[in-house]
Amino acid sequence: MLTQTQSSGSLAARTNQQTARGVTHSAITTYEITLTGQARSTLRAEFDDCKISTGPGTTTLRAELPDQGALCGLVQRIADLGLEVVDMHVVAPLGDD
C-alpha cells in the first residue's frame, strides 16, 4: 500500500524486489464500489468503462483496473461528482480460496 511517506519510486523498488523474490502480482484487479442512489443514464455515461448494477437505493460499479493509479482516478471521478461511497472492496478472482 502506498502511504503519504512513500514515494512512487520506493513503491516501484519494493515491487521489483518482490518480483525478484518470486512474488507475482496480477496485472488486473477487479473492484466493486457501491454508491448511494440509483444511476440514471447521465451517471451511467460517466462510468461507461465500468459494469453498473443497481439495487434498492444503491448503484454498484465493477471495474477491472491495472494499478493503484487507475483506482485513485476512479475514486476521484466519484468524488468530483459528489457521490457517496458506502462500500468498496476487491473482488477475489475465480479459483482463489
**Item:** 3 or more residues at pLDDT 95 or above: qualifying helices (runs of 4 or more DSSP H) within region 1-90
**Value:** 68-80
**Request:** Of all residues in region 30-70, count the ones that are among the hydroxyl-bearing types (Ser, Thr, Tyr) and touching an Asp or Glu at 6+ places or on another chain (Cβ under 7 Å).
**Result:** 4
**Request:** Identify all residues within region 46-70 that are loosely packed, with under 12 Cβ neighbours inside 10 Å and more than 15 Å from the chain's Cα centre (by Cα); write none if there are none.
**Result:** GLY55, PRO56, GLY57
**Request:** For region 71-89, indicate whether the set of residues that are acidic (Asp, Glu) and surrounded by 12 or more Cβ atoms within 10 Å (Cβ to Cβ) is non-empty.
**Result:** no
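The values are calculated or read from the model by the stated rules, or taken from the named source; none is laboratory data. Values in this document were obtained by computation on a predicted structure and should not be read as measured data. Cβ sites come from the backbone with ideal geometry, for glycine too, and all protein chains shown count toward neighbours.
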